[in-house]
Structures are given as structure tokens and as C-alpha cells.
Amino acid sequence: MDQKRTLLHHFLAALAYRTQKALRDAPVEFASFRAAPKVRTPHELIRHMDDVLGYARTYFIGGKYRAPEFPDFAAAIAHFHETLADLARHIETGTQFSQPTIALGHFQVHGRTDVLVWDGGYVDMLPGGKAPVIRQSREEMR
């Protein structure tokens, strides 16, 4: 795996680990917990994360993706992990992108393959395994 795919693969592994850790031993009612109005519940958040990763996977396999709604929280979590694992497999095995720009959630790799862009900020991927540099404006990217 090249450096960029290794970083993406690591990001997915961290996401899987942090999701599992956050949900471990959670009570049943946690699925419907709403911290504030207009804030997603854990159940809604898992579906959203599944949507984001499924959308990223379409850049490898084509098509469109919308995560199914599962009334059962455990089923939604299992499906999320299946989607994440499939995306990780495409990254790990070197599947070619079916589109020129790949998106991973709010992250996008644009023309410059050494930059990850998200919601107005970006990370400069430095050669030689050096730590990434995080910037806050698209103007700084040019």
C-alpha cells in the first residue's frame, strides 16, 4: 500500500476502534439518547457514518449508496462495520478509483494527491512519513 492508502486505512481502523469503544457495554436506551434538539442520536449517527463510508466506497465500485434504516441498533452497528470493512478492503487491495476524485466523508483527495481537504480545512500530506500539516483555509492550499 502506498502512503496515502496507508493513511486512509489507518483512519478507518481508528474509526472502527473508536466506534466499538464508544458503544461497548452501552445500555439499550443509549441508541435513542439525544443530547440536544437537532443533535443526532447514536442510532442516527451510526447510519450517517454508514452513509459517509458507503458513499466513499462508490468511488471504488461506482453507483450510489444510501445506508438502509435498521430499527435494531445492533443491526445498524453491524452493517456500519461491514461497510467500513469493505471500504478498507478496497483501499488495502489497491482497487483503482472509478472516479478522478475520491471522497471519504468530509475528506476529499483533489487533483493534488498530497492534500486531504475537508469542510474548509485541509491536511498537507508530507513526503517521507513526516507528520501532516493541518491548515484551516483553502487559500493556504494553493
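Each reported figure results from applying straightforward, stated rules to the coordinates on display, with no laboratory input. Not measured: the values here are computed from a predicted model. Because the Cβ atoms are built from the backbone with ideal geometry, glycine has one as well, and the counts that use them run over all protein chains shown.
Mind ranking 28-35, 83-90 by how tightly packed they are, going by the mean number of other C-beta atoms within 10 angstrom, highest first?
Final packing ranking: 83-90, 28-35.
Per residue, what volume in Å³ does the convex hull of the Cα atoms of the stretch 3-100 enclose?
With only Cα atoms used, the stretch 3-100 gives 110 Å³ per residue.
Just order 49-55, 9-15 by mean Cβ neighbour count inside 10 Å, highest at the front, would you?
49-55, 9-15
Just add up the charged neighbours of GLN20: K/R +1, D/E -1, any other residue whose Cβ is under 15 Å from the Cβ of GLN20.
Details: positive: ARG18, LYS21, ARG24; negative: ASP25, ASP50, GLU82.
Taking every Cβ under 15 Å from that of GLN20, the sum is 0.
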